[in-house]
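The values are calculated or read from the model by the stated rules, or taken from the named source; none is laboratory data. If you're wondering where the values come from, they're calculated on a predicted model, not measured in any experiment. Cβ: placed from backbone, ideal geometry, glycine included. Neighbour counts: every protein chain shown. For accessibility, only protein heavy atoms count, side chains too; no ligands or nucleic acids. Shrake-Rupley method; radii C 1.70, N 1.55, O 1.52, S 1.80 Å.
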Amino acid sequence: RRWTKKKFQYKCDNISRSLFWIGDKYGRMPDVIGLAEVENRGALWKLLNDTLLRKCGYRIVHTDSGDRRGIDVALLYRDSSYELVSTSVTTPVYEGEKLATRDILQVCLKDETGQKVNLIVNHHPSKYGGSKASIGRRDAAMRTLRELCDSLFISDSGVPIVAMGDFNDTPDGEQFRLLDQVLVNKADSLFDAGMGTIRYKGKWDLIDMFLVSDDISERTRMDILEIPFLMTYEKKYPGLKPLRTYSGPRYIGGVSDHCPVLLTICFID
């Protein structure tokens, strides 16, 4: 697809610019960043060292997974806000056999007050091949997430859980019932209001979200960010949508076809 160093640097610069936009709007840079569709650790290193993010003290948590496209999830955190408590854990997804999809990444961080939080980064299997044909794979990923949460509630009792990522389904998907009584979906009210993170044929769908343990649910707020320079106006179905990097084989110069999502947590009364 004629990908070049210049195009890659442009994308890194605009991801960096997006994070500074968040810092300006919300009064501080994000302490933690969950990422999907990561090529490798080297791409993250360049994002953090070849852009203005080099001044922000972000550290990388990343492992390679068995995804057939070679993409992973990852987590970045600011060392001025958090320290890594334990080595990251990646959990493969099984449906009888190990699926060639993204592993689920779990990381425990601790702030300067000693407050710990378990963060889980997800990128669940897509609806490729049709929603019904692929539901088993998404169910398998959700069961894996549920088992991981159950394990954390036992081994790390009292530590809040934040699950984030691209779940490739909307909050009304049946597989989310597997998380009932375990995590609270902060996207529910946004979905009910007709908001979304991707737009297809003029319709918004909300597939990128945060789910949190009940102990911090009342202290959290999820926002969908329509960052102006990441958006484009669509004429065929009038309205704004995220500008993607490629449309099929054609490079169109955007950053992502998903809007970023932001979770604000207040740990202090």
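With +1 on the Cβ of every Lys and Arg and -1 on the Cβ of every Asp and Glu, and nothing else charged, how large is the dipole of the chain about its Cα centre, in debye rounded to the nearest 20?
Magnitude of the dipole: close to 1700 debye.
Can you list the trypsin sites (Lys or Arg not before Pro) in region 110-192 that are in a DSSP coil and have 16 or fewer other beta carbons within 10 angstrom?
Those that pass, being in a loop and sparsely packed, are Lys127.
Taking the Cα centre of region 1-153 as the origin, how large is its charge dipole in debye, to the nearest 20, when only Lys and Arg (+1) and Asp and Glu (-1) carry charge on their Cβ atoms?
840 debye
Quick one: accessible surface of Ser157, probe radius 1.4 Å, all protein chains present, in square angstrom to the nearest 10.
Spelled out: Ser157, probe radius 1.4 Å, area about 100 Å².
Looking at the square roots a ≥ b ≥ c of the eigenvalues of the Cα gyration tensor of region 163-229, which shape do they give, rounded for a/c under 1.5, prolate if a/b is larger than b/c, or oblate?
oblate
Which shape class applies to region 32-182: rounded if a/c is under 1.5, otherwise prolate when a/b exceeds b/c and oblate if not, where a ≥ b ≥ c are the square roots of the Cα gyration tensor eigenvalues?
Here region 32-182 falls in the oblate category.
Could you work out the local net charge near Lys25, counting Lys and Arg as +1, Asp and Glu as -1, over the other residues with Cβ closer than 13 Å to its Cβ?
Net charge in that neighbourhood comes out at -1.
Which of the listed residues, Tyr10, Ala163, Ala187, is farthest toward the dipole's positive end in the chain, when Lys, Arg count +1 and Asp, Glu count -1 at the beta-carbon?
Farthest towards the positive end: Tyr10.
Just to verify a number: FRET efficiency for Asn40 and Asp13, C-beta to C-beta distance, R0 = 25 Å, to 0.05?
For R0 = 25 Å, the calculated efficiency reads 0.85.
About the Cα centre, and with charges only on the beta carbon of Lys, Arg (+1) and Asp, Glu (-1), how big is the dipole of region 127-214? Nearest 20 debye, please.
It comes to approximately 480 debye.
Work out which chymotrypsin sites (Phe, Trp or Tyr not before Pro) in the chain are exposed loop sites (DSSP not H, G, I, E or B, at most 13 other Cβ within 10 Å) and give the longest gap free of them.
That gives 129-266 as the longest site-free run.
Determine ³J(HN,Hα), in whole Hz, for all residues of region 236-252 in sequence, where each value follows from phi through the Karplus function 6.51 cos²θ - 1.76 cosθ + 1.60 and θ = phi - 60°; x replaces Gly and Pro.
Values, residue by residue: 4, 10, x, x, 7, 8, x, 8, 7, 6, 10, 10, x, x, 8, 6, 10 Hz.
In 10 Å bins starting at zero, report the fraction of Cα pairs in the chain per bin as a rounded %.
6, 29, 39, 23, 4, 0
How far is it, in nm, from the label point at Ser247 to the one at Ala100 when both lie 7 Å from their Cα along the line to the Cβ?
The answer from the label model is 3.0 nm.
Where Lys and Arg each count +1 and Asp and Glu each count -1, what net charge lies around Glu112 among other residues with Cβ under 13 Å from its Cβ?
-1
Assuming 0.36 nm per residue, please report the length gained on full extension of the stretch Ser155 to Leu225 beyond their Cα-Cα distance.
My answer for the length gained is 21.8 nm.
May I ask which residue of Ser80, Ile252, Leu44 lies farthest towards the positive end of the charge dipole of the chain, with charges of +1 (Lys, Arg) and -1 (Asp, Glu) on Cβ and the Cα centre as origin?
Farthest towards the positive pole: Ile252.
Please tell me the relative contact order of region 132-205 in percent, rounded to the nearest whole number, where contacts are Cα pairs under 8 Å and at least six residues apart.
28 percent
Give the relative contact order (percent, whole number) for region 69-125; include only Cα pairs under 8 Å separated by 6+ residues.
Here the relative contact order equals 35 percent.
Taking a ≥ b ≥ c as the square roots of the Cα gyration tensor eigenvalues, with a/c under 1.5 meaning rounded and otherwise prolate when a/b beats b/c, else oblate, which class fits region 107-217?
Prolate is the answer for region 107-217, as a/c is 1.5 or above and a/b outweighs b/c.
Would you calculate a helix-derived [θ] at 222 nm for the chain, using -39,500 (n - 2.57) for each DSSP H run of n ≥ 4 and dividing by the full residue count, to the nearest 500?
My calculation for the chain gives -7500 deg cm²/dmol from helical runs alone.
Quote the accessible area belonging to His62 in square angstrom, nearest 10, computed with a 1.4 Å probe and with ligands, DNA and RNA left uncounted.
About 20 Å², rounded to the nearest 10.
Just need the relative contact order of region 39-102 here, percent rounded to a whole number, with Cα pairs under 8 Å and 6+ apart.
Rounded, it is 32 percent for region 39-102.
Can you find, among His123, Pro242, Cys266, the residue sitting farthest towards the positive end of the charge dipole of the chain, where Lys and Arg contribute +1 and Asp and Glu -1 at Cβ?
About the Cα centre, the residue reaching furthest to the positive side is Pro242.
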